[in-house]
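See below for the structure under consideration.
The values are calculated or read from the model by the stated rules, or taken from the named source; none is laboratory data. Predicted model, so just to flag it, every value in this text is computed and none were measured. Every residue, glycine as well, gets a Cβ built from its backbone with ideal geometry; the counts of neighbours run over all protein chains shown. Heads up: the accessible areas ignore ligands, DNA and RNA and are worked out on the full protein's heavy atoms, side chains in. Shrake-Rupley method; radii C 1.70, N 1.55, O 1.52, S 1.80 Å.
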Amino acid sequence: MSQELAIIYKEILHEIDQAAHVMVVMHQQPDGDAAGACLALAHYMDTIEKPHTCFSVDGISPTYRFLPGINKIKSDENHWHPEKVLFDLLIVVDAGDLRYAGITDYIDRLVHDFKIINIDHHATNEHYGDHNLVITTASSTCEIIHDLLHSIDVINRDMASCLMTGLITDTTGFTNLATTSSAIETAGKLLLKGANMKHIADHTLQNRSYTTLKLWGRALERLTPSKNGIVITFITQQDITECGADREAVEGVSNYLNSLDDRTDAKISLLLSEREPGIIKGSLRTTHPLIDVSKLAKILGGGGHKKAAGFSIRGKIKKHGDRFVIEPIKA
């Protein structure tokens, strides 16, 4: 561990120790890394009897019901009411900025003083915290939090299970380019602490519902290559409704498209999906070693990692004859 990291660890742990109440927030539509990171910190705060709240603006996908402590995560905006708010320390995990966490409007209402700790591994992170633990070479935010908690030797079985979930989901079962020697070493340490890798992989990577596969079929059928090396497909709100699928099924399409052979002309995959009326989310993936999709996402107002990034635009996917086009919607 470098001296700089040791100082940051000490500062963060001191802030947690001194806080009266901690609010831990993850990004919108949280994945396994965000949920695992949040809950691992929550379990640590349980061990030191620190009052805390876990918050997600969207709640949590049923995929992660197996996580110990999942019922801790709240999505009631009353937790941000200026007259009721209790926290004096805000920890934001796995979010490159507060907009991505979905809490900027809530923060604008607050009138009391509090500090922000920012823990993340996105290359586009804005370093918005009073303390920023941002390591872009880490496989996941859970790997970063593992190292933080490992430094004081407090990781128990529940923390290990949550942290392993982040490693498995962000590396797609230790198969994508986020898989580093450090990620493998961290997974080994978590196994020794009691994490059940097969159990976590079965819940997050293996089990696919009929509705999920039906939605994937529509997206795969529409795959269209472009001249610039991008393979594009899309999912409409009508598709999601007719298939009876959820947002986790949509996210799974993006990850599945990462299996495209980059030795062909298909260097980047782009999934356009209607998650809510008037909003189209773009999910970019690549396995090409020389391509950084986070730079493309940033141009479009988004962000993410070199190999997996996203953005949102206003518009609607509509059918015109035998083609589908994006119709812009004015703000």
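From (1) at pLDDT 90 or above; (2) surrounded by fewer than 20 Cβ atoms within 10 Å (Cβ to Cβ); (3) among the charged types (D, E, K, R), pick out the condition that doesn't hold for Glu248.
Looking at each condition in turn, Glu248 falls short on (1).
Would it be correct to say that Ala123 is aliphatic (A, V, I, L, M), at pLDDT below 95 and open to solvent by 20 Å² or more (accessible area, probe 1.4 Å)?
Details: aliphatic (A, V, I, L, M): yes; at pLDDT below 95: yes; open to solvent by 20 Å² or more (accessible area, probe 1.4 Å): yes.
Taking the combined requirement at face value, the residue satisfies it.
Any idea how many residues of segment 76-104 are in contact (Cβ under 8 Å) with a residue 12 or more places away in the chain and either open to solvent by less than 60 Å² (accessible area, probe 1.4 Å) or under 17 Å from Ser161 (Cβ atoms) (or both)?
Selection size over segment 76-104: 18.
Just checking, how many residues over segment 6-18 are more than 12 Å from His131 (Cβ to Cβ) and either of a type in the set (Val, Ile, Thr) or modelled with pLDDT of 95 or more (or both)?
Within segment 6-18, the subset more than 12 Å from His131 (Cβ to Cβ) is 6, 17-18.
In the following step, the residues that additionally are either of a type in the set (Val, Ile, Thr) or modelled with pLDDT of 95 or more (or both) were identified as 17-18.
Qualifying residue count for the region: 2.
Please go through (1) open to solvent by 50 Å² or more (accessible area, probe 1.4 Å); (2) touching a Pro at 6+ places or on another chain (Cβ under 8 Å) for Leu110 and return the number of the only condition it doesn't satisfy.
Failed condition: (1).
What number of residues within segment 286-311 satisfy the criterion of being modelled with pLDDT of 90 or more and in a strand (DSSP E or B)?
Number satisfying all stated conditions: 1.
Hey, any hits in segment 65-72 for a residue that's out of contact with any Ser or Thr (no Cβ under 6 Å at 6 or more places or on another chain), in a helix (DSSP H, G or I) and closer than 30 Å to Ser294 by Cβ?
There is at least one residue in segment 65-72 that is out of contact with any Ser or Thr (no Cβ under 6 Å at 6 or more places or on another chain), in a helix (DSSP H, G or I) and closer than 30 Å to Ser294 by Cβ.
Identify, please: which residue in segment 251-263 is in a loop (DSSP other than H, G, I, E, B) and open to solvent by 40 Å² or more (accessible area, probe 1.4 Å) and is, among those, farthest from Gln28 (Cα to Cα)? Give the derivation first.
Initially, segment 251-263 is screened for residues in a loop (DSSP other than H, G, I, E, B), giving 260-263.
Of the ones still in play, those that are also open to solvent by 40 Å² or more (accessible area, probe 1.4 Å) are 260-261, 263.
Details: Leu260: 27, Asp261: 30, Arg263: 33 Å.
Within segment 251-263, the match that is farthest from Gln28 (Cα to Cα) is Arg263.
Kindly indicate whether any position in segment 174-184 is on the phi > 0 side of the Ramachandran plot and either of a type in the set (A, V, I, L, M, F, W, C) or touching a residue at least 24 places away in the same chain (Cβ under 8 Å) (or both). Step through it out loud before you land on a result.
So the first thing to find is which residues in segment 174-184 are on the phi > 0 side of the Ramachandran plot, and the list is 174.
From the residues that got through so far, the ones that are either of a type in the set (A, V, I, L, M, F, W, C) or touching a residue at least 24 places away in the same chain (Cβ under 8 Å) (or both) too are 174.
Taking every residue of segment 174-184 in turn, at least one turns out to be on the phi > 0 side of the Ramachandran plot and either of a type in the set (A, V, I, L, M, F, W, C) or touching a residue at least 24 places away in the same chain (Cβ under 8 Å) (or both).
Only one of (1) at pLDDT below 95; (2) in contact with a Gly (Cβ under 7 Å, 6 or more places away or on another chain); (3) part of a helix (DSSP H, G or I) is not met by Asp105, so which one is it?
With respect to (1) at pLDDT below 95; (2) in contact with a Gly (Cβ under 7 Å, 6 or more places away or on another chain); (3) part of a helix (DSSP H, G or I), Asp105 is out only on (2).
What number goes with the only condition from (1) at pLDDT 90 or above; (2) open to solvent by 40 Å² or more (accessible area, probe 1.4 Å) that Gly321 does not pass?
The failed condition is (1).
Within segment 48-64, track down each residue that is exposed (fewer than 13 other Cβ atoms within 10 Å of the Cβ) and either touching a residue at least 60 places away in the same chain (Cβ under 8 Å) or assigned to a helix (DSSP H, G or I) (or both).
Of everything in segment 48-64, just one residue is exposed (fewer than 13 other Cβ atoms within 10 Å of the Cβ) and either touching a residue at least 60 places away in the same chain (Cβ under 8 Å) or assigned to a helix (DSSP H, G or I) (or both), namely Pro62.
Do we have Ser161 as buried (at least 24 other Cβ atoms within 10 Å of the Cβ) and part of a loop (DSSP other than H, G, I, E, B) here?
On the way: buried (at least 24 other Cβ atoms within 10 Å of the Cβ): yes; part of a loop (DSSP other than H, G, I, E, B): no.
Here the answer is no, as Ser161 does not meet what is asked.
Of everything in segment 189-203 that's open to solvent by 30 Å² or more (accessible area, probe 1.4 Å) and not basic (Lys, Arg), which residue is nearest to the chain's Cα centre (by Cα)?
Kept after step one, since they are open to solvent by 30 Å² or more (accessible area, probe 1.4 Å), are these residues of segment 189-203: 189, 191-193, 196-199, 202-203.
Narrowing further to those that are not basic (Lys, Arg): 191-192, 196-197, 199, 202-203.
On the way: Leu191: 22, Leu192: 25, Asn196: 21, Met197: 19, His199: 20, Asp202: 19, His203: 17 Å.
Looking at residues that are open to solvent by 30 Å² or more (accessible area, probe 1.4 Å) and not basic (Lys, Arg), I get His203.
Within segment 229-238, is there a residue that is farther than 30 Å from Ile145 by Cβ, exposed (fewer than 15 other Cβ atoms within 10 Å of the Cβ), under 23 Å from the mean Cα position of the chain (by Cα) and of a type in the set (A, V, I, L, M, F, W, C)?
The answer is no, given that none of the residues of segment 229-238 is farther than 30 Å from Ile145 by Cβ, exposed (fewer than 15 other Cβ atoms within 10 Å of the Cβ), under 23 Å from the mean Cα position of the chain (by Cα) and of a type in the set (A, V, I, L, M, F, W, C).
Quick one: would you say Asp262 is under 30 Å from Val93 (Cα atoms), modelled with pLDDT under 90 and in contact with a Pro (Cβ under 9 Å, 6 or more places away or on another chain)? Write out each step before concluding.
Numbers: under 30 Å from Val93 (Cα atoms): no; modelled with pLDDT under 90: yes; in contact with a Pro (Cβ under 9 Å, 6 or more places away or on another chain): yes.
So Asp262 fails the test.
Return the only residue of Cys38, Cys54 being under 30 Å from Glu276 (Cβ atoms) and touching a Lys or Arg at 6+ places or on another chain (Cβ under 8 Å). Show your work before the answer.
Working: Cys38 fails: touching a Lys or Arg at 6+ places or on another chain (Cβ under 8 Å).
Of the residues listed, the single one that is under 30 Å from Glu276 (Cβ atoms) and touching a Lys or Arg at 6+ places or on another chain (Cβ under 8 Å) is Cys54.
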